[in-house]
Amino acid sequence: MSKQISIIARVSSFVSLAVLLVFLLASLWWGCVYRLPRSKPIMVDLRSDKTRDNPSTDRCLMICAGLANNPHGFPGHCFIIWDRYGPERLEYTTSDGFVPGRMEDLIPSLYSDIQGIMADNALVGNMRNFDYVAVRVDRSVYDRARAVRQEFVKNSSFHTGVRDCVAYVDEISKIAGLKRPKRDFVYPLDYLVKLKEMNK
């Protein structure tokens with residue numbers, strides 16, 4: 001009996017060490033991949049008339065991603081900066097992103113719908129490893145993109161991987177006319193890298 005207990009104890013120790021090693025390697029991999037810049041931001045001009053600037057009809061927006069506003073930066077965040085196509089003076093911009101209403105609901109959001117909110121000033125705290133696609137569009141396209149915000153405010157159901165911050169920016173990317181990658185259960189920074197690759 002004591003021999004069986006000894007074997008069980010050794011197997012349990014081995015399994016625990018293996019799980020710990022996998023967790024440490026995954027953390028190291030995540031830390032390297034998501035904390036280092038992966039590609040340069042891009043600018044895409046989707047205006048119907050690209051030959052000249054027209055302040056009365058031309059609009060712009062930035063589809064952004066960065067590490068999340070927590071000490072570890074996990075899992076990241078996608079958001080929109082309105083009326084800007086460059087990284088200068090972002091503290092004066094309007095930005096928003098779709099997030100869980102309460103942080104304690106983040107885990108339940110993996111398997112069920114929770115209450116979400118539209119967070120204003122979304123770039124605050126989410127600027128680590130900041131990345132973006134800047135898009136110039138016509139006024140009519142911009143207005144339709146702005147209407148997406150109200151749709152998410154009206155129907156505030158949040159579900160990670162289904163209707164989350166990536167889904168929000170993906171819907172705006174669609175209206176802007178960008179080619180879009182699959183977005184289900186994808187990290188925000190991964191989504192943005194793929195978005196850039198498809199729209200260079």
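What follows is calculated from the coordinates using simple rules that are stated; it is not laboratory data. What you are looking at is a predicted structure, and each value in this text was computed from that prediction instead of being measured. Note that we place each Cβ from the backbone using ideal geometry, even for glycine, and neighbour counts take in every protein chain shown.
Residues Leu195, Leu90, arranged from fewest to most other Cβ atoms within 10 angstrom of their Cβ, appear as Leu90, Leu195. Rounded to whole Å, the principal axis extents of the Cα atoms in the range 40-198 read 49, 30, 29, largest first.
In sequence order, the range 82-99 has phi-based couplings of 8, 6, 7, 10, x, x, 7, 6, 5, 5, 9, 9, 9, 9, 8, x, 9, 9 Hz under the Karplus curve 6.51 cos²θ - 1.76 cosθ + 1.60, θ = phi - 60°, and Gly or Pro positions carry x. Once you have a ≥ b ≥ c as the square roots of the Cα gyration tensor eigenvalues for the range 140-200, tell me rounded if a/c is under 1.5, and otherwise prolate or oblate according to whether a/b is larger than b/c. Oblate. By the rule of a C-alpha distance below 14 Å, with chain neighbours fewer than 8 residues away ignored, the aspartates and glutamates paired with Lys50 are Asp58, Asp138. Peptides 173-186, 154-167 ordered by packing proxy, namely the average of other Cβ atoms within 10 Å per residue, highest first: 154-167, 173-186. A simple rule links phi to the HN-Hα coupling: the Karplus curve 6.51 cos²θ - 1.76 cosθ + 1.60 with θ = phi - 60°, which for the range 160-171 gives 4, x, 10, 9, 9, 5, 5, 4, 4, 6, 5, 5 Hz, with x for Gly and Pro. Label sites at Asp184 and Met198, each approximated as a point 7 angstrom past Cα along Cα to Cβ, lie 1.4 nm apart. Here Lys182 is the anchor, and the lysines within straight C-alpha reach of less than 27 Å, apart from those fewer than 8 places off in the same chain, are Lys40, Lys154, Lys174, Lys194, Lys196, Lys200. Counted by neighbouring Cβ atoms within 10 Å, the residues Thr51, Thr93 run from fewest to most as Thr51, Thr93.
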